[in-house]
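**Q** I have a structure here, written as structure tokens, and I will follow up with some questions on it.
A short reminder: the numbers here are calculations on the coordinates, not readings from a lab. It should be emphasised that the depicted structure is a prediction, and the values quoted were computed from it without experimental measurement. Please note: Cβ atoms are built from the backbone with ideal geometry, for glycine as well, and neighbour counts cover all protein chains shown.
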Amino acid sequence: MAILSDKGILKAMEDGQLGIDDFVENNLTPNGYDLSIAEIKVGQDGQLITEGDVRIPPMTWFAVSTKEYVRFGPAITSQLWIRTSWARRGVLSSFGKVDAGFEGTLTLSAFNSSDKDVIIPIGDRFCQIVFEWLDSAADKQYAERSGNYQGQRGVNLGN
């Protein structure tokens, strides 16, 4: 397994092994890509916000959907990491791996652990996605294993 560099990400996109719709060159990092915010849902039953600044009260859970729609080939997976600029403000998030063969926007769960409101602008960069080559192509890709969120767009809480 190897992590793709900025050059490796561009090559994988050129070769059709990886797709990032709404790709922005400035979001490319030396070893990943910063995903930006399309919408935020504050609380499980909260309103979906798609523009402007979103106020997240202290000790409040929220979900973020990425602007970017990603497509993974059979030999690419990824990890997600909160940007440290958000972590420094008290935003905590737990991410999983994105499976080979997945395509869609990503729904990210987060929590404002600080004692102050956090203001999050729609369109801001929220997390870094770090792409990895598998040692071989997956025998059965995401759509064949579970595929619960294949092709999703927007915040999807799975209810």
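**Q** Between region 100-130 and region 9-60, how far is it from one alpha carbon centroid to the other, in angstrom?
**A** Centre-to-centre (Cα) distance: 7 Å.
**Q** What is the sum of charges, Lys and Arg at +1 and Asp and Glu at -1, for the other residues whose Cβ falls under 14 Å from the Cβ of ILE76?
**A** Taking every Cβ under 14 Å from that of ILE76, the sum is -3.
**Q** OK, next. Using just the helices of the chain, give the 222 nm mean residue ellipticity in deg cm²/dmol: DSSP H runs with n ≥ 4 each add -39,500 (n - 2.57), and the total is spread over all residues, rounded to 500.
**A** Details: 3 runs with 17 residues, N = 159.
Helix contribution divided over all residues of the chain: -2500 deg cm²/dmol.
**Q** With a 10 Å radius around each residue's Cβ, average the other Cβ atoms per peptide and rank 95-108, 6-19, highest first.
**A** Ranking, from highest mean packing down: 95-108, 6-19.
**Q** While we're on this one: Summing Lys, Arg as +1 and Asp, Glu as -1, what charge do residues with Cβ under 12 Å from the Cβ of GLU103 carry, GLU103 excluded?
**A** For residues surrounding GLU103, the net value is -1.
**Q** Let me ask you something else. Among the trypsin sites (Lys or Arg not before Pro) within region 117-159, which fall in a DSSP loop and have no more than 15 other Cβ atoms within 10 Å of their own Cβ?
**A** LYS140, ARG153
**Q** Quick one: putting +1 on the C-beta of Lys and Arg, -1 on the C-beta of Asp and Glu, what dipole do you get for the chain around its Cα centre, in Debye to the nearest 20?
**A** That gives a dipole near 380 debye.
**Q** Check each of the chymotrypsin sites (Phe, Trp or Tyr not before Pro) in region 108-159 and keep only those in coil by DSSP with at most 12 other C-beta atoms within 10 angstrom; list them in order.
**A** On the way: sites: PHE111, PHE126, PHE131, TRP133, TYR142, TYR149; in loops: TYR149.
Here no chymotrypsin sites (Phe, Trp or Tyr not before Pro) fit, given the DSSP loop and packing criteria.
**Q** Further question on the same structure: Just want to confirm a number: the relative contact order over region 28-159, from Cα pairs under 8 angstrom separated by 6+ residues, in percent.
**A** Numbers: 311 pairs, mean separation 46.0, N = 132.
Value for region 28-159: 35 percent.
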